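Student: Dropping a structure here in structure tokens format, bear with me for questions.
Here, each number is a calculation from the coordinates, and none is a lab measurement. Computed from a predicted structure; not experimentally measured. Because the Cβ atoms are built from the backbone with ideal geometry, glycine has one as well, and the counts that use them run over all protein chains shown.
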Amino acid sequence: MNTSGPSGRETVPAAVHRDAVAAETARFVAALDGADLSLPVPGCPDWTLRDLVRHTGSVQRWFSVLLRQRVQEPPRSREVELELPADDHGWADWLTASADRAAEAFAKAVPDAPMWAWGADQHARFWMRRMLFETLVHRTDAERAVGLRTEIDRVLAADGVDEFLVNLPFATSFAPGVAHLRGNGETLRFRCTDTVGDWLVRLHPDGFEVAPGTGEAAAGPADAVVQGAAADLLLLVYGRLGHDADAIETAGDGELPARWFTHSAF
């Protein structure tokens with residue numbers, strides 16, 4: 001069953017998220033071939049490539065536990081059996097095994113099953129989608145760390161922008177800057193230029209809302225517009241591109257995007 005996202009389009013099915021986690025992990029593992037794991041990671045200050053691998057695999061294992069248990073309330077602990085490798089030669093296989101754990105959990109999970117989640121969608125599919133974009137974004141981090149060219153499927157990228165924006169209002173517990181995204185009705189539009197994807201953010205004194213960028217919302221002007229190819233927008237919202245990058249076009253109130261990106265770090 002698909003659900004409509006804030007863009008007004010159907011979001012990508014959970015089965016696609018499931019398969020994409022495996023594919024993105026395989027690309028991540030390929031980037032590790034012959035790599036120096038002490039390399040710095042441009043997208044994650046103070047992290048080495050080894051730290052990035054450990055984080056990604058740990059997240060996959062933790063989310064898999066949540067899915068298997070179908071938790072109905074916030075877990076009291078994030079501890080999970082990691083089975084870390086004995087030396088650097090084992091990290092690639094360990095990450096592959098983490099994705100295998102995820103695949104096992106996906107196979108037994110019902111995407112529409114009610115489940116606690118920190119974001120907007122209180123169903124098991126939330127964790128499948130969340131795991132995908134944790135893996136995908138960090139796959140691009142790994143590729144950039146080792147000097148490989150990064151490519152992202154544009155449909156998945158647009159889905160990732162949607163997933164980021166719709167869940168951002170709920171992220172203050174680990175992204176405290178989000179609490180400063182306030183205003184008096186100012187609007188900021190994000191638009192994909194190469195596929196369907198249009199989101200209108202409206203700031204309020206007590207928070208912000210993400211509305212469909214189609215229909216009546218599309219008819220009215222926005223105070224600022226940020227647009228680019230879906231892959232570039234995904235890297236932008238995750239802080240891997242600056243809003244002044246050549247791949248990103250901005251128009252309107254220049255202060256508004258600057259304020260947004262100062263406080264929206266995930």
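Student: Tell me the angle of helix 91-108 to the major Cα principal axis of the chain, expressed in degrees between 0 and 90 and rounded to the nearest ten.
Tutor: 70
Student: To continue, here is another question. Taking the square root of 5 times each eigenvalue of the Cα gyration tensor, what semi-axes in Å does the equivalent ellipsoid of the stretch 37-84 have, largest first?
Tutor: After diagonalising the Cα gyration tensor, the semi-axes are 27, 11, 8 Å.
Student: Sticking with this one: Counting pairs of alpha carbon atoms under 8 Å apart in space and at least six apart in sequence, what relative contact order in percent does the stretch 97-171 give?
Tutor: 27
Student: May I pose another question? Measure nothing fancy, just the Cα-based angle from helix 154-167's long axis to the longest principal axis of the chain, in degrees from 0 to 90, nearest 10.
Tutor: 80
Student: Can you give the convex hull volume of the alpha carbon atoms of the chain per residue, in Å³?
Tutor: 126
Student: Rounded to two decimals, what is the ratio between the C-alpha radius of gyration of the stretch 110-150 and 2.2 N^0.38 Å?
Tutor: 1.55
Student: Using the Kirkwood formula over every pair of different C-alpha atoms, what hydrodynamic radius in Å results for the stretch 60-133? Walk me through the numbers on the way to the answer.
Tutor: Details: mean 1/r = 0.0771 Å⁻¹.
One over the average 1/r among Cα pairs gives 13.0 Å for the stretch 60-133.
Student: Per residue, how much space in cubic angstrom lies within the convex hull of the C-alpha atoms of the stretch 147-266?
Tutor: Hull volume over Cα atoms, normalised by residue count, gives 105 Å³.
Student: Compute the signed sum of charges (Lys and Arg +1, Asp and Glu -1) over the other residues within less than 11 Å, Cβ to Cβ, of VAL237.
Tutor: Residues near VAL237 contribute -2 overall.
Student: List the equivalent ellipsoid semi-axes of the stretch 24-150 in whole Å, largest first, each obtained as the square root of 5λ for an eigenvalue λ of the Cα gyration tensor.
Tutor: On the way: eigenvalues 147, 43, 33 Å².
Largest first, the stretch 24-150 gives 27, 15, 13 Å.
Student: Moving on to the next point. How would you rank 17-29, 83-95, highest first, on the average number of other Cβ atoms within 10 Å across their residues?
Tutor: 17-29, 83-95
Student: In the stretch 103-187, which GluC sites (Glu not before Pro) fall in coil by DSSP and have 13 or fewer other Cβ atoms within 10 Å?
Tutor: Here the sparse-neighbourhood loop sites are GLU151.
Student: Against the longest principal axis of the chain, how steep is helix 124-145, in degrees 0 to 90 to the nearest 10, with axes from Cα atoms?
Tutor: 80
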